[in-house]
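What follows is a single structure, written as structure tokens, with notes after it.
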Amino acid sequence: QAIFPSEHTFELIDRALKGEKFFSTHLFDGGEFEPDTPVTAVIGRRSEPKPGPDPDLNGYYWPIRLAFFEAEAKGSEPDYEMSIDLHPNGIARALKIDYGDFVVNVELRKLEILKGPLGC
């Protein structure tokens, strides 16, 4: 059964807190007319950076490596890979997407935590 990206993030955090190192599932992001995507995660050893000015980014995180595969792929090579440093609060302090031909590095420059109901 496929899960949405937010549930995938919650699962990664839950499994990391339990000390699990691997997690495979099918992810459906709804962004394209494609079926769900097989995703395999490797959860690294907990790391703790030097404290910085933002309390929401202080404390430990897990380096996580994700491999995304094509739904009907016959080989063992992923379509693309992603590295993410994920805090238990769900905030990613770093993100790198490796498409093979090029890599996208995402840097968190500013974090603003919204207070109260968002009024959707």
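The values are calculated or read from the model by the stated rules, or taken from the named source; none is laboratory data. Only a predicted model underlies this, so the values are computations on that prediction, with no experimental measurement involved. FYI the Cβ positions are ideal-geometry reconstructions off the backbone, even for glycines, and counts take in every protein chain you see. Side chains are part of the model used for accessible areas, which takes the heavy atoms of the whole protein and leaves out ligands, DNA and RNA. Shrake-Rupley method; radii C 1.70, N 1.55, O 1.52, S 1.80 Å.
Determine the sum of side-chain charges near residue 14: Lys and Arg each +1, Asp and Glu each -1, restricted to other residues whose C-beta is under 15 angstrom from that of residue 14. Walk me through the numbers before you get to the answer.
Working: positive: 15, 18, 21, 46; negative: 7, 11, 20.
Once positives and negatives cancel, what remains is +1.
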When the helices in the chain are scored as -39500 (n - 2.57) per DSSP H run of 4 or longer and the sum is shared across all residues, what 222 nm value do you end up with, to the nearest 500 deg cm²/dmol? -3500 deg cm²/dmol
For peptides 105-116, 2-13, sequence by mean Cβ density within 10 Å, most packed first: 2-13, 105-116
Along the charge dipole of the chain, Cβ charges K/R +1 and D/E -1, which of 68, 86, 97 sits furthest on the positive end? 86
To the nearest 20 debye, what is the magnitude of the charge dipole of the chain about its Cα centre, counting +1 on the Cβ of each Lys and Arg and -1 on the Cβ of each Asp and Glu? 760
Would you mind checking the tilt of helix 5-17 against the longest principal axis of the Cα atoms of the chain, expressed as 0 to 90 degrees and rounded to 10? 70
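Can you send over the carbon and sulfur percentage of the accessible area for the chain, probe radius 1.4 Å, protein chains only?
Carbon with sulfur: 52 percent of the solvent-accessible area.
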Give me D for the chain in µm² s⁻¹, whole number, from Stokes-Einstein with Rh from the Kirkwood sum over alpha-carbon pairs, 20 °C and 1.002 mPa s. 136
Below 14 angstrom from the Cβ of residue 96, what's the summed charge of the other residues (Lys, Arg +1; Asp, Glu -1)? -2
Grab the other residues whose beta carbon is less than 10 angstrom from that of residue 87, score K and R as +1, D and E as -1, and report the net. -1
For residue 74 and residue 98 in one chain, what is 0.36 nm times their gap in residues minus the Cα-Cα distance, to one decimal in nm? 6.6 nm
Expected unfolding gain across residue 7-residue 21 under the 0.36 nm per residue rule, minus the alpha-carbon gap, is 3.3 nm
Computed P(r) (all Cα pairs; the stretch 59-108; 5 Å bins; percent): 5, 20, 24, 20, 15, 11, 5, 1, 0
Cα-based count: Lys pairs in the chain below 26 Å, eight or more positions apart or different chains? 9
